[in-house]
1. How about the stretch A:136-156: which of its residues are more than 7 Å from chain B (Cβ to nearest Cβ), within 27 Å of residue B:125 (Cβ to Cβ) and not in a loop (DSSP other than H, G, I, E, B)?
2. Read through the list (1) in contact with a Lys or Arg (Cβ under 9 Å, 6 or more places away or on another chain); (2) surrounded by 24 or more Cβ atoms within 10 Å (Cβ to Cβ), then give the number of the only condition that residue A:41 fails.
3. May I ask you to list the residues in the stretch A:117-130 that are more than 15 Å from the chain's Cα centre (by Cα), assigned to a loop (DSSP other than H, G, I, E, B) and at the interface with chain B (Cβ under 7 Å from one of its Cβ atoms)?
4. Any idea which residue in the stretch A:161-200 is nearest to residue B:233 (Cα to Cα), counting only those that are buried (at least 24 other Cβ atoms within 10 Å of the Cβ) and not aliphatic (A, V, I, L, M)?
5. Determine if the stretch B:286-297 includes at least one residue that is part of a helix (DSSP H, G or I), in contact with a Pro (Cβ under 8 Å, 6 or more places away or on another chain) and either closer than 30 Å to residue B:15 by Cβ or more than 14 Å from chain A (Cβ to nearest Cβ) (or both).
6. Among B:91, B:132, B:98, which is part of a strand (DSSP E or B), under 26 Å from residue A:85 (Cα atoms), at pLDDT 95 or above and more than 8 Å from chain A (Cβ to nearest Cβ)?
7. May I ask you to verify whether residue A:114 is in a helix (DSSP H, G or I), aliphatic (A, V, I, L, M), touching a residue at least 40 places away in the same chain (Cβ under 8 Å) and more than 8 Å from chain B (Cβ to nearest Cβ)?
8. So which residues in the stretch A:165-187 are aromatic (Phe, Trp, Tyr) and within 12 Å of another protein chain (Cβ to nearest Cβ), if there are any at all?
Amino acid sequence: MTIASITGIGWVTPMSMGCGRDYKTLTAEAGKLPKLTSRMIFGERLPRFGRLDGYSKLGFAATGFALKDAHLDQWVEKRPIGVIASTVYGCLATDIDYYETVVPEGGAFASPNLFAYTLPNVFLGEVAIHFGLTGAAFVINEPELSGIAGLRMALNNLILEECSIMLAGFCDAGRPESFQYPVEVTPGAVFFVLEKTPGDETLSYGDLDMDIEGTIFFKGAQVQNLQNLMQRCIAVQSI
Amino acid sequence: MEIRRAEIKKVCIVDTAVVTALGNTLQDTWKRLIKGDSGIGPIKRFPVGTYDSRIAATVDDLRPIQDRSIIYDLIGRLLAGLKDIPQDTALITATTKLGIDNLENIRRKKAARAGDVLPSSMPEMVSGKLGLKKAGINVSASCASSTIAIAQGSAMIASGQADAVLVCCADIVTEFTFSGFSSLKIVSPVPCRPFDKERSGLTLGDGAAALFLMSDERAIQEGRKCMATIKGWGIANDAFHITSPAQDGSGLASAIEMALVRGGLQHEHISAISAHGTGTMYNDLMELTAFNKVFCGRKLPVYSVKGATGHTVGASGGIEVALATETLAAQTVPPTAGFQNPEEGAEGMISSKPVYLKGDYLLTTNSGFGGINAAILLERGTNL
């Protein structure tokens, strides 16, 4: 039994960025993320975008591409669409930058602008404001980034009819250079739009199902991680 | 996987543990809460000379164990209060900054385990200590983190994906968080006064809670007592501002309405509200507006524990749900410490004294940065 259709994909990786329907193939290579501007992503200058930290820009861009791919980027009234984002390092780079403003004068000149972005879910607030999304929006921290737990929760929310549309994905800017820790995460973000009942069936990349154990299937085959799911969705288009 | 409404499983809270500035157990915290005590006092953990406020509700004897963050001492005490957690239990933790004191220590060239800074370390630590088969995940949603963790744990049980879920939450007061909230000018120089017309901001606090959730079927099978039932939950974003709530209360009102629908209840069924009640100007006003909207102007008892426990950020929802099980069991609404004169619109709802409660259903709410709002609807425990 189908739980949801994937109707949009958006991503930013070191090699490419954009909407699922703009690509027929994907290459997976490591590297540095591009410097993101709102004009590059949305075709216009968004004053707030420039104020965001790198992690937030990354998530904002990928969710924006995903919503555009699903034809959900334009809105008049706010909509009950939820977003679940998985991450390992989250806003750690901003935490480090913020604490540098605390140390010199015992907190007297701590930056309120930076502090506001020291919670990893705050970028979801920016996304909600820009795209008028009023569903559940939160972050999941995983020891290693697969994004499956977040996808599972998003599907569960659809099963229990808490939203009719959910976005699920991951967003990670990678390990900050100054932070010594033995877990490496390839920087990037990818989000999927999951619709219980797609408004336009032609937008579907395929259907997702989940068994009682929480194992997720895309077009009948098990989903191992979100990178793999993205590759399979793009491959569907090239057939 | 299609779930019909009739198949949705009942979610029971079968065990709880709490550590706050009021005490190392739920019972100790509850007893002092009912007496109107407050755990707020001078901060001794880090220098506060440059700040307008110098107080918080800290658990003062928390110590770093070797190179670990002090939050591990807090979590260790919390887990000591739990017993008989089966190995197949699923785990969801909730924290905003976990061991962020270790980021401070790293910056100051002190011995510090880097992993403690990452919220994903919390499920690993809890799972390891309890010997659970699966590591679990952490939910981060600012001050609604643990409320959402409870909602997601409940959803897992309701849909049949799990029949036992442990939710653990914790956050601590550090120079990092204290300086940040101070920089936003929302920390009160005096102990916070939720819903009071003289309120001047929040007071931070250390805190941790654990809630062990089970399907009623498994709880019966294992002979566990149902302390309370999670009847409903709701999560909504107000899509308004990243650090200020929408003043029309629309996000919180939506979350409450979702919880009522999930629970199959009308607003008339609700007997009391455990509010977020931070003591900031914007939060308390927004909450009163949302309550007024959903409850159609009905004056029901509303309380906030933050004048006693401080604002424990990501742990606040979990602590408040655990205390709400006591509120329902004792049929007593605890006093709101620090409250004296009601904010406009709060007249007849808040009390500085314990109030008799007659009813079986209680709502708890939390809201946070990023525009997030969450509500949990509890039913008084029954014999299974």
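1. Of the stretch A:136-156, the ones more than 7 Å from chain B (Cβ to nearest Cβ) are A:144-148, A:150-152, A:154-155.
Narrowing further to those that are within 27 Å of residue B:125 (Cβ to Cβ): A:144-148, A:150-152, A:154.
Within the stretch A:136-156, A:148, A:150, A:151, A:152, A:154 qualify.
2. (2)
3. Selection gives A:118, A:119.
4. Checked the stretch A:161-200; the qualifying residue nearest to residue B:233 (Cα to Cα) is A:163.
5. Yes, the stretch B:286-297 contains at least one residue that is part of a helix (DSSP H, G or I), in contact with a Pro (Cβ under 8 Å, 6 or more places away or on another chain) and either closer than 30 Å to residue B:15 by Cβ or more than 14 Å from chain A (Cβ to nearest Cβ) (or both).
6. B:91
7. Spelling it out, residue A:114 is indeed in a helix (DSSP H, G or I), aliphatic (A, V, I, L, M), touching a residue at least 40 places away in the same chain (Cβ under 8 Å) and more than 8 Å from chain B (Cβ to nearest Cβ).
8. At the first step, the residues of the stretch A:165-187 found to be aromatic (Phe, Trp, Tyr) are A:170, A:179, A:181.
A:179, A:181, listed by residue number.
The values are calculated or read from the model by the stated rules, or taken from the named source; none is laboratory data. For clarity, every value in this text was computed on a predicted model and none was experimentally measured. Heads up, the Cβs are rebuilt from the backbone with ideal geometry, glycines too, and the neighbour counts pull from every protein chain shown.
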